[in-house]
Amino acid sequence: MDTATFAHEYGSSWRYLVFCDNVYSSKTFDQCVCRAGYMLRDRKDSGEVFEPATVQSSFEVNCKSRAAYLFALDLKNPALIWLNLGERSMRHIAGTSDFAFLFRYLCTTDILSVHDFAAMLASEVVATPEEADVVFADASPEELGLHEGQELIRPSNTARFLELLNA
């Protein structure tokens, strides 16, 4: 079940689901080791244990805070919004203070989609994946019929998105 189906079926009036990490000791993230990320599986709810080969994105949390807002899911569009924000808070649990500062970041899916982002970078937008030098898709090269020399950028490849944003 995708997030849009979940929100519709269960009558959620919430638009965003924000994921955060907390440090429950007297230290902040920059004083300890904290790695976060997510895995993709072939089957949802497979019950499989942690498998490093399925990690799609992994990063270190090292802000000067006990609360770090990592990413959000937009339940309306379904999209992942990369937040990577530390609240600069010494509270032990994220969300116990005013988190209105997040709202300015959450509207990014209303402004720029992956399609808009790719079109903005491209010298030409083509009709089929076979014609493109760079393909944005959540599929394998075999499924798309890609040939050698074409680059596939999956939605989970945040490092590549950041490279393109900063180019």
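The values are calculated or read from the model by the stated rules, or taken from the named source; none is laboratory data. Just so it is clear, the model here is predicted, and its values are computed rather than measured. When we count neighbours, we look across all protein chains shown, and the Cβ atoms used for this are built from the backbone with ideal geometry, even at glycine.
Is at least one residue of the range 151-167 in contact (Cβ under 8 Å) with a residue 24 or more places away in the chain and touching a helix residue (DSSP H, G or I) at 6+ places or on another chain (Cβ under 7 Å)?
Yes, the range 151-167 has at least one match.
Just the residues that are closer than 21 Å to Lys76 by Cβ and exposed (fewer than 15 other Cβ atoms within 10 Å of the Cβ), please, taken from the range 110-154.
Selection gives Asp110, Ile111, Leu112, Ser113, His115, Asp116, Phe117, Asp138.
Ala72 - would you say it is at pLDDT 75 or above and either exposed (fewer than 14 other Cβ atoms within 10 Å of the Cβ) or part of a strand (DSSP E or B) (or both)?
Judged against the criteria, Ala72 is a match.
In this structure, does Phe50 turn out to be more than 28 Å from Ser13 (Cβ to Cβ) and at pLDDT below 75?
So Phe50 passes the test.
Residue-by-condition table, conditions (1) assigned to a helix (DSSP H, G or I); (2) at pLDDT 80 or above:
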position: Ser97; (1), (2): no, no
position: Phe103; (1), (2): yes, no
position: Glu130; (1), (2): yes, yes
position: Pro155; (1), (2): no, no
